[in-house]
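Student: Dumping the structure here so I can ask a few things about it.
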Amino acid sequence: MVNVPALQKRLLRPQSGAARLNAPRANQVVGGRYQAHEFIGKAMSSPLNLQECFGGIDIYLFDQLLKGRIVPGMRVLDAGCGTGRNLVYLLQSGFEVFGTDESSEAVAQTRLLASRLAPSLPLDNFRVEPVEQMSYPNAGFDVVLSSAVLHFARDEGQWQSMVREMWRVLKPGGVFFARLASSIGIEDKIRLIDGRQYQLPDGSERFLVDEAMLLSVSATLEGVFLEPIKTTVVQNMRSMTTWCLSRHRRQGGSGE
């Protein structure tokens, strides 16, 4: 049985410490500074078209941009990128963007998007491969995104494999951002199918986590919470949770 209050006390560090841990580093910002300024200048010179600027970005990922945790010049991996809905702003603003997805059609669409918005990026940055078996090197990314992906795991083994693989490619001090379905707030409205697979009130079937599981996994990873777990319950039909961690920097080591 997971002791939720004890894990909360251990994992929820003061925001000031997390902010220092993830403060933008000069070498991350300089490379993308001109492109970001050019993008902002264009946006300010005419009425702002939010769709053109940000595409269909997840609103909680947008929140991370506003908080300054994800800044131009960073290497960003969208693990389970689909057709690139979360990448429009990043591609236009000086980020070094990568993406992976099991769907070759989705990756082809993301490559087209990247070739239009960031033609200097190598197309090999976007790869057809499962999240749990990525070919990127260890500790290669400042940010790893997982937006509406983890709840499609077929079982807990695959879910854990995906999380471990995303953590493997994240740099020490890097940001891990995930949005995933959970049982939080709708525990009495879901029907167990098997393991952690549930049928939701909207009729869909998803792999669902709960607070205790996220706290336990975060502790195992030695992740530092950048903010508390946040959950949105959509009219008692489904529940979406934001899970945002930083990878711990080991004293005197590489963090591997």
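Student: Given the criteria at pLDDT 95 or above and assigned to a helix (DSSP H, G or I), does Leu7 qualify? Break it down stepwise before answering.
Tutor: Values: at pLDDT 95 or above: no; assigned to a helix (DSSP H, G or I): yes.
Criteria not met by Leu7.
Student: Quick check on my filter: what residues within region 173-202 are over 30 Å from Met74 (Cα atoms), β-branched (Val, Ile, Thr) and part of a strand (DSSP E or B)?
Tutor: Quick first cut of region 173-202, residues over 30 Å from Met74 (Cα atoms) only: 183-202.
With β-branched (Val, Ile, Thr) added as a condition, the list becomes 184, 186, 190, 193.
Correct list: Ile193 only.
Student: State yes or no: is Arg191 basic (Lys, Arg), out of contact with any strand residue (DSSP E or B) (no Cβ under 8 Å at 6 or more places or on another chain) and surrounded by fewer than 18 Cβ atoms within 10 Å (Cβ to Cβ)?
Tutor: The answer is no for Arg191.
Student: Within region 97-129, count every residue that is farther than 20 Å from Gly56 by Cβ and either under 15 Å from the mean Cα position of the chain (by Cα) or among the β-branched types (Val, Ile, Thr) (or both).
Tutor: Going through region 97-129 one residue at a time, the tally reaches 1.
Student: State all residues of region 222-242 that are surrounded by fewer than 18 Cβ atoms within 10 Å (Cβ to Cβ) and either of a type outside the set (Ser, Thr, Tyr) or in a loop (DSSP other than H, G, I, E, B) (or both); if no residue qualifies, say none.
Tutor: Glu222, Glu227, Pro228, Lys230, Val233, Val234, Gln235, Asn236, Met237
Student: Go through (1) among the aliphatic types (A, V, I, L, M); (2) at pLDDT 50 or above; (3) crowded, with 17+ Cβ neighbours inside 10 Å and name the single condition Leu21 misses.
Tutor: (2)
Yes or no, residue by residue, for (1) surrounded by fewer than 21 Cβ atoms within 10 Å (Cβ to Cβ); (2) more than 20 Å from Gly99 (Cβ to Cβ); (3) out of contact with any Pro (no Cβ under 6 Å at 6 or more places or on another chain):
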site: Asp142; (1), (2), (3): no, no, yes
site: Ala148; (1), (2), (3): yes, no, yes
site: Asp155; (1), (2), (3): yes, yes, yes
site: Val175; (1), (2), (3): no, no, yes
site: Leu180; (1), (2), (3): no, no, yes
site: Ile184; (1), (2), (3): yes, yes, yes
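Student: In a strand (DSSP E or B), touching a residue at least 12 places away in the same chain (Cβ under 8 Å) and more than 13 Å from the chain's Cα centre (by Cα) - does that describe any residue in region 165-172?
Tutor: Scanning region 165-172, I find at least one residue that is in a strand (DSSP E or B), touching a residue at least 12 places away in the same chain (Cβ under 8 Å) and more than 13 Å from the chain's Cα centre (by Cα), so the answer is yes.
Student: Further question: Pairs please, first residue from region 45-68 and at positive phi, second anywhere and at pLDDT 90 or above, Cβ atoms under 8 Å, 6+ apart in sequence or on different chains.
Tutor: That search, which allows pairs on different chains as well, returns Gly55/Gly84; Gly55/Arg85; Gly55/Asn86; Gly55/Leu87; Gly55/Val88; Gly55/Tyr89.
Student: Could you run through region 125-157 and say how many residues are of a type outside the set (A, V, I, L, M, F, W, C), assigned to a loop (DSSP other than H, G, I, E, B) and in contact (Cβ under 8 Å) with a residue 24 or more places away in the chain?
Tutor: Within region 125-157, residues that are of a type outside the set (A, V, I, L, M, F, W, C), assigned to a loop (DSSP other than H, G, I, E, B) and in contact (Cβ under 8 Å) with a residue 24 or more places away in the chain number 8.
Student: So Ser93 passes all but one of these: (1) on the phi > 0 side of the Ramachandran plot; (2) at pLDDT below 95. Which condition number does it fail?
Tutor: Every condition holds for Ser93 apart from (1).
Student: Being among the polar types (S, T, N, Q), at pLDDT below 95 and either buried (at least 22 other Cβ atoms within 10 Å of the Cβ) or farther than 20 Å from Leu170 by Cα (or both): is that true of Ser45 here? Spell out how you get there, then give the answer.
Tutor: Details: among the polar types (S, T, N, Q): yes; at pLDDT below 95: yes; either buried (at least 22 other Cβ atoms within 10 Å of the Cβ) or farther than 20 Å from Leu170 by Cα (or both): yes.
So Ser45 passes the test.
Student: Filter region 243-256 down to the residues that are at pLDDT 95 or above and either surrounded by fewer than 18 Cβ atoms within 10 Å (Cβ to Cβ) or among the aliphatic types (A, V, I, L, M) (or both) and list them by number.
Tutor: Listed by number, the list holds a single entry, Leu245.
Student: Another question about this same structure. With the structure loaded, tell me whether Phe95 is surrounded by 20 or more Cβ atoms within 10 Å (Cβ to Cβ), touching a Lys or Arg at 6+ places or on another chain (Cβ under 9 Å) and either over 18 Å from Gly174 (Cβ atoms) or without any contact (Cβ under 8 Å) to a residue 24 or more places away in the chain (or both) or whether it fails that test. Give the steps one after another, and end with the answer.
Tutor: Details: surrounded by 20 or more Cβ atoms within 10 Å (Cβ to Cβ): yes; touching a Lys or Arg at 6+ places or on another chain (Cβ under 9 Å): yes; either over 18 Å from Gly174 (Cβ atoms) or without any contact (Cβ under 8 Å) to a residue 24 or more places away in the chain (or both): no.
No; evaluated as a whole, the condition is false for this residue.
The values are calculated or read from the model by the stated rules, or taken from the named source; none is laboratory data. No experiment lies behind these values; they were computed from the predicted model shown. We place every Cβ from the backbone using ideal geometry, glycine too, and count neighbours over all the protein chains shown.
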